[in-house]
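Since the structure comes first, as structure tokens, the remarks are kept for the end.
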Amino acid sequence: MKKILFVSIILTILVACSSERVNFSQLQDRSGMFYLVNSDKPFSGDVVSYINGKIEFEGKIEKGLREATWTYYYPNGQKKMEGSYKEGVKDGTWTYWKDNGTQEGLEIYKYGKLLSNEGNVSQEVKPDTSQAVVAPNPPPPPPPPPTEPKKIEKKQQPIAWERLHGGPVKFLDGVPYTGPVVKYQKNGMKELEGYLTHGKKSGKWVYYTKKGDIKDVKYY
């Protein structure tokens, strides 16, 4: 009898620990992947965020990326929006509500790409994707004489080294990756940074010490 009681207590403790959620404010966003502060391993687990003691949103992170169902709330506890992530991007049906519980709209995504939407998702519900409505203006004056256009190059943001897979050739989402990469140490300092072309190291690669000083520079 005592043995059964002891096993039950252990199971209860394990279940409680497994259901514990981490406050989202304890995570760091490193090039699109989430880590616990002072950790060099991408975070996995359930997360929750609070504002004034009330839940702002809750969801799950797997290997540093948003995954599965995420739910966002109004201050009154009513759902604001809910949908699923797959490897860090929206995937499937996302539903939006007004603060009185009335459904506002639907969106359907396929691996981050918006396929269709229904209804009218207001700026209050979806501030990060809404666009301001601009009133029509009178016809503009004649344009000035044409000038040589300036070329604006948008710098590609590096992705985290941990998101890549493979051996000598690195893949991202099943495709040999071309672009900048970066890897961080446990203390948050850079460990290395460089560039991949069709999955292989190319150009200048810089390696750092634990203090952030340059340890080595190699060219490929």
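Going by the conditions given, is ASP40 in the same structural domain as SER25 (by TED's automatic domain parsing) and not in a strand (DSSP E or B)? Yes: the conditions hold for ASP40. Counting only residues that are part of a strand (DSSP E or B) and in contact (Cβ under 8 Å) with a residue 12 or more places away in the chain, the stretch 204-220 holds 8 of them. Assess whether ILE108 counts as being at pLDDT 90 or above and more than 27 Å from LEU27 (Cα to Cα). The answer is yes for ILE108. Looking across the stretch 100-118, the residues that are of a type in the set (Gly, Ala, Ser) and more than 16 Å from GLU87 (Cα to Cα) come down to GLY101, GLY105, SER116. Meeting the requirement of 1 or more residues that are of a type in the set (Asp, Glu), the strands (runs of 3 or more DSSP E) wholly within the stretch 43-125 are 45-51, 54-62, 65-73, 79-86, 103-110, 113-119.
The values are calculated or read from the model by the stated rules, or taken from the named source; none is laboratory data. Bear in mind the structure is a predicted one, so any value in this text is a computation, not a measurement. Ideal geometry is used to build each Cβ from the backbone, glycine not excepted, and the neighbour counts take in all protein chains shown.
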